[in-house]
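K.L.:
Could you have a look at this structure, given as structure tokens, before my questions?
The values are calculated or read from the model by the stated rules, or taken from the named source; none is laboratory data. Since the structure is predicted, the reported quantities are computational estimates derived from the model, not experimental observations. With ideal geometry, Cβ positions are generated from the backbone for all residues, glycine too; neighbour counts draw on all protein chains shown. Ligands, DNA and RNA are excluded from the accessible area calculation, which covers all protein heavy atoms including side chains. Shrake-Rupley method; radii C 1.70, N 1.55, O 1.52, S 1.80 Å.
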Amino acid sequence: MQTQLADFIADTAEGREANAILRSCSHCGFCTATCPTYQLLGNEDDSPRGRIYLIKSVLEGNPASAATQLHLDRCLTCRACETTCPSGVNYHRLLDIGRHEVDQQVPRSWSQQGLRWLVTTIMPTRSLFGPLLRLGQWFRPVLPASLKEKIPVRSGSPGPLPAQRHNRTMLLLEGCVQPAMAPNINRATVRVLDAIGISLQPTPGAGCCGALRQHLSAQETARDDMRRNIDVWWPELEAGAEAVVINTSGCAPQIKDYGTVLASDSEYAQRAAQVSAVSFDLAEILLREEEALVSKLSAGKSSLSGRKVAFHSPCTLQHAQGITTVVERLLSAAGCELLPVADSHLCCGSAGTYSIFQPELSQQLRADKVAALSANGPEIIATANIGCLTHMAPVADAPVKHWIELLDEALTQA
Ligand code: SF4
Ligand code: SF4
């Protein structure tokens, strides 16, 4: 694709990155075949190729409009288009740059600004989100149905934490909303890694990975999130921790992108790239340790033996990280019977904060996804991301769990 970026951006780091991405697109349109918003709306401007043209136009100096903003807002950032694209177009980075530029030009309504401020202030801040969630859980019985379904009932005790007893250590990204919404997921992760000889170190000073703010065009505060995490993890990595382990597939791609996003930050660029290089999704870590894990799982009769499980692979696992079949393989090793799921490449509609800002599209995608997952009568629906889990759970007949909770259960009872 030929480009002629405007002076205001051509010589910036973002401009050079966007220019290279735009030039890699051959506008073949293959990506439209797997784009959920194009499938639902049938409008070229709601397809990846259409959005690329919209961003190109703005970066070439044509004014952005409210319609441009709407079509970019409707993108789930699911990255199914990147999996399909034969030219390797780095669509999500172009979208981040394009959204930021459009938001500079097109003011949002006061109500939209207020909602965005609330979301970008409260959700990434554990000390605010946890107490507010507790308050919501307290008043849950009297809340309207639309609000009630966003507040999960308070879960039971997350179980014990093993002592730090192994020479091999890794760092756990504890996350922002996950510890309050589903505290068992981090505990289960620590227990499973402990069982195979790895102690997971908590790093309470680290927090949100930055994805939430970045996808809502709060670029500078997102970079602050990244720098804070790097500052917390760096001394621990220098002291011998092997890796940063991420059990929320939505956060892993962001941390793997730190090196790219902070490439022009002279103080952080090198450390950001090194942190990215040692940050792994939990599935990648357990794949590397598969032999030890399978031997532990085979040591006794698994309580999951023969249980029918439908696995929803989040977009951030399969498209953003290219991790396919790993979780399914580990769950099979734990004795689960994995059920086939139609259209498994499609997004469930959670997509970070998408369910808040695009509720109609989000609910339509959720209904389709839960129907596909439920078609073969699963006893459990498993997934890899807290957002997908809490989005689907209110409308699914089967319980929805993180896959590590199933492995933890199998190991505890083996
Ligand atoms: S993003 Fe990829 S698949 Fe889509 S039009 Fe461009 S080159 Fe083709
Ligand atoms: S990220 Fe998902 S919703 Fe957005 S253009 Fe790509 S396929 Fe479509």
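K.L.:
Give all pairs with beta carbons closer than 6 Å in which a residue from region 161-178 that is assigned to a strand (DSSP E or B) meets a residue that is among the polar types (S, T, N, Q) and modelled with pLDDT of 95 or more; count only pairs at least 6 apart in sequence or on separate chains.
P.N.:
Short answer, once both residue conditions are applied: Thr169/Ser199.
K.L.:
Also, I was wondering about something else. Are there strands (runs of 3 or more DSSP E) fully within region 302-414 with at least 3 residues that are open to solvent by less than 30 Å² (accessible area, probe 1.4 Å)? List them.
P.N.:
Hits in region 302-414: 308-311, 380-383.
K.L.:
Only one of these conditions is not met by Ala269: (1) free of Cβ contacts under 8 Å to residues at least 12 places away in the same chain; (2) of a type outside the set (Val, Ile, Thr); (3) open to solvent by 60 Å² or more (accessible area, probe 1.4 Å). Which number is it?
P.N.:
(3)
K.L.:
Just to be sure, is Ile122 more than 16 Å from ligand 2 (Cβ to nearest atom) and of a type outside the set (Asp, Glu)?
P.N.:
yes
K.L.:
Which one is most open to solvent (accessible area, probe 1.4 Å) among residues in region 73-88 that are within 9 Å of ligand 1 (Cβ to nearest atom) and farther than 12 Å from Pro48 by Cβ?
P.N.:
The extreme case among them is Pro86.
K.L.:
Also, quick follow-up: Quick check, is Ile185 part of a helix (DSSP H, G or I) and surrounded by 15 or more Cβ atoms within 10 Å (Cβ to Cβ)?
P.N.:
Considered against the rule, which asks whether it is part of a helix (DSSP H, G or I) and surrounded by 15 or more Cβ atoms within 10 Å (Cβ to Cβ), Ile185 comes out as yes.
K.L.:
So, one more: When you check Ser362 against the structure, is it among the hydroxyl-bearing types (Ser, Thr, Tyr) and closer than 25 Å to Ser305 by Cβ, yes or no?
P.N.:
When the stated conditions are applied, Ser362 does not pass them.
K.L.:
Let me ask you something else. Quick test of your reading of the structure: Glu289 fulfils all but one of (1) farther than 19 Å from Gly335 by Cα; (2) open to solvent by 10 Å² or more (accessible area, probe 1.4 Å); (3) in contact (Cβ under 8 Å) with a residue 60 or more places away in the chain. Name the failing condition by number.
P.N.:
All conditions are met except number (1).
K.L.:
Among what's in region 101-137 and is of a type in the set (A, V, I, L, M) and in contact (Cβ under 8 Å) with a residue 40 or more places away in the chain, pick the residue that is surrounded by the most Cβ atoms within 10 Å (Cβ to Cβ).
P.N.:
The residue in question is Val102.
Per-residue answers, yes or no, for (1) over 26 Å from Ala263 (Cα atoms); (2) among the aliphatic types (A, V, I, L, M); (3) within 15 Å of ligand 2 (Cβ to nearest atom); (4) open to solvent by less than 60 Å² (accessible area, probe 1.4 Å):
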| position | (1), (2), (3), (4) |
| --- | --- |
| Gln4 | no, no, no, no |
| Gly15 | no, no, no, yes |
| Leu41 | yes, yes, yes, no |
| Asn90 | no, no, yes, yes |
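K.L.:
Which condition from (1) in a helix (DSSP H, G or I); (2) of a type outside the set (S, T, N, Q); (3) in contact with a Leu (Cβ under 9 Å, 6 or more places away or on another chain); (4) away from ligand 1 (no atom under 15 Å from the Cβ) is the one that Leu70 breaks?
P.N.:
Every listed condition holds for Leu70 apart from (3).
K.L.:
Out of all the residues in region 21-32, is one or more more than 10 Å from ligand 2 (Cβ to nearest atom), open to solvent by 50 Å² or more (accessible area, probe 1.4 Å) and among the polar types (S, T, N, Q)?
P.N.:
Scanning region 21-32, I find at least one residue that is more than 10 Å from ligand 2 (Cβ to nearest atom), open to solvent by 50 Å² or more (accessible area, probe 1.4 Å) and among the polar types (S, T, N, Q), so the answer is yes.
K.L.:
Does any residue of region 197-206 turn out to be farther than 28 Å from Leu293 by Cβ and either surrounded by 22 or more Cβ atoms within 10 Å (Cβ to Cβ) or of a type outside the set (Ser, Thr, Tyr) (or both)?
P.N.:
Yes, that holds for at least one residue.
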